Each structure stands twice: as C-alpha cells, then as structure tokens.
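Rule-based calculations on the coordinates, nothing more; no lab input. None of the values given here were measured: they were computed from a predicted structure. Cβ atoms come from the backbone with ideal geometry, glycine included; neighbour counts cover every protein chain shown.
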Amino acid sequence: MEKREMRAVYAQTLIELAKTNEDIVILDADLMHANGAFAFAKAYPERSFNVGVAEANMVGVAAGLSSVGKIPFASTFGSFAGRRDYDQFFISANYARLNVKLVGTDPGVTAKYNGGTHMPFEDLALMRAIPKLVILEPSDPVSLGKLIRKSASYYGCVYLRMQRSPASVLYPESEEFEFGRAKVLREGSDAVLFALGSVMVNESLAAAETLATEGIRAAVVDMVSLKPLDVETVVAQAGKTGRVVTCENGQASGGLSSAVAEAILESGVRAGFARIGVKDEFGEVGTVEYLMERYALRAQDIAAAVRSLA
C-alpha cells in the first residue's frame, strides 16, 4: 500500500493554497523542520513566522494575524498544542471568534522517543470542551490535504491533529471530506469499529480482517471529524450492529469514546460498548510498536474487545 509523509502533504497543500490566497500564513514554535513547515517558509518567507520555543505566544500572534484578515496555520507538537497553548487558544482565538487553525503533531504514541512529556494523550479531551471548535484527525494523506483546504476556506477555529510520519493512502484523490461526516471504510453487520486517525483506522481495518476469518463481520468507520461528530452515522451503525468499539490514539475518556457514547445514549439505541485507548496513564519512551502493545491499541486488542461483547 502506498505511503506518503504527512508533514510533507501539510506543507505542500499550504504552498498550493498560498499561490492564490495571499492571506495564508504559517507559524511554528521552533519546529519547522520537524513539522514540515520549513518547505512553506522556503517558498514564502515573508508569510512564515518562527516564534521560537514560545508556544502560547505563537497562538497569540496567530490570533493577532487573524484579527487583521490573515488565515494563520500554527503548528507545534500536540503535547504543547493541548497544554501550553490551551488558554490562549481558548480565549484569544476561540472566545474572540477568530480564524486560527492550530495543528498538533505527533498525536498519542506517534511521539515515541520523545516520551511522556511530549506524548499527547489528553489533547482531544481538552479541545473537545472548547465551544464551537472544529476538531479533525485525518487518517491518510488524501484526507489531510482535503481537510486542510476545507479548514482554510472555513471561517472559524480548527484543531487539526496530525501525525508527521508516512501514512498509508486509504482514499482516492477524488474523495471529498466534510466537517462532521464520517467515512464507512468497511461494511459489517455484527459489530462496528469507530476509529480516529491513521494509527487506529489502520489497526481497525486489520482487526476487521481477523474477525472476518471467524465469521464476525465488523464495520470500520473513519470518524475524520471528532467535532462536529457524525451522530447520524454513529447511531445508525450502533443500531445496525449492536456492538460498538471506539478506537483512539489517546485517553479512552473525554475524546472519541465519550463523544460516541453520548450520541448513542442520547439516541436511545441499545448496544454493547467497549473502548480501545489509553486507560488513565501517562506516556513513556518507546517505539510505536512497543507503545501500541503497552497501551493495548493493537488490532488484536480491538478484535478481543469485539469478542468480549458477544
């Protein structure tokens, strides 16, 4: 399966947008090479701002640029986007009804060797509490490029959670994406796997393949957008299958699992429910493979969760 580097797609998409939209600007907190923003800075140095290791200030500057009509994309590691930037993003950008796009990279276990201090398990739960904020986690290079374009044309704040490393291509270039609309990647009638982000979507697809050999037909839904949530698809799939497993690369509370559980409970649909995610623990140093096993995020863990609901 073809793979493309996500940070390269991020930079290239913004470079293409900037050719016809002079309001596109980028900011970064001394991570331009790490996050891929350097390519944009090379193409448009006058529209690129490296604020140094001052993440909260970066969001304040982005808010100021937005207030004069610019469309700022501000990137830093997801650990800093969720924790160091939170108050500024909440008040200066969201409460002020501005147009700041905050990009948090290295989500969950993809932070690997940077360890627990740099491992964002809590960012989705934090961001979900901000009123009206759009929260996205693309699952492949195509969805990333399309959602960046959608974000640039949308007036309002966006939190985009993005892995930097290569990700498998899941969608054709012609695929279109909308805020609040999930994608059913695999149909099934016995269970449904609601997944968010490249790591967990691919693990869910692998789990569905394993379950199929056992006669269990599991649907796989790429949620794409955590907020707004595609409640219609969540409720329909939960009602159809009766067994629900949420799969997220972060804390298994406050983020995807909570959003899906709320939607199902409020709908009145009855379904068995299990969560795949980090269970109230801090991050640690390790390879992605080790961390996936450490926090029980693998395809085999997802399959086991489905079986437990039988």
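Grouping the Cα pair distances of the chain into 20 Å bins from zero gives a pair-distance distribution of 36, 56, 8 percent in increasing distance order.
In order along the stretch 80-92, the Karplus-derived 3J(HN,Hα) couplings, from 6.51 cos²θ - 1.76 cosθ + 1.60 at θ = phi - 60°, round to 7, 4, x, 9, 6, 8, 4, 5, 5, 5, 5, 7, 6 Hz, and Gly and Pro are given as x.
In order along the stretch 100-114, the Karplus-derived 3J(HN,Hα) couplings, from 6.51 cos²θ - 1.76 cosθ + 1.60 at θ = phi - 60°, round to 9, 9, 9, 10, x, 9, 6, x, x, 5, 5, 5, 5, 6, 6 Hz, and Gly and Pro are given as x. Put simply, the amide H of residue 135, placed in the peptide plane, has neighbours under 5 Å in 159, 226, 227, leaving out anything fewer than 5 places away on its chain. Exposed loop sites here mean chymotrypsin sites (Phe, Trp or Tyr not before Pro) with a DSSP loop assignment and at most 11 other beta-carbon atoms within 10 Å; the chain contains its longest site-free run at 1-154. Each residue, residue 300 and residue 168, gets one label point 7 Å from its Cα in the Cβ direction; the gap between the two is 1.8 nm.
Enter the Cα centre distance for the pair the stretch 96-114 and the stretch 116-175, rounded to the nearest angstrom. Here the two parts' Cα centres lie 8 Å apart.
Restricting the GluC sites (Glu not before Pro) of the stretch 191-249 to loop positions (DSSP other than H, G, I, E, B) with no more than 13 neighbouring Cβ atoms within 10 Å leaves 214. Can you tell me how much longer the chain between residue 1 and residue 232 gets when fully stretched, taken as 0.36 nm per residue apart minus their C-alpha distance, in nm with one decimal? Here the segment from residue 1 to residue 232 would lengthen by 80.1 nm. Taking amide H atoms as placed 1.01 Å from N in the peptide plane, the amide H of residue 49 lies under 5 Å from those of 26, 27, 28, each 5 or more residues away in sequence or on another chain. Per residue, the average separation of C-alpha pairs within less than 8 Å and at least 6 apart gives the stretch 175-310 a relative contact order of 27 percent.
For the options 231, 244, 103, a Gaussian network treatment of the chain with springs between C-alpha atoms closer than 10 Å singles out 231 as fluctuating the most.
Residue separation of residue 30 and residue 57 scaled by 0.36 nm, minus their Cα-Cα distance, works out to 8.5 nm of gained length.
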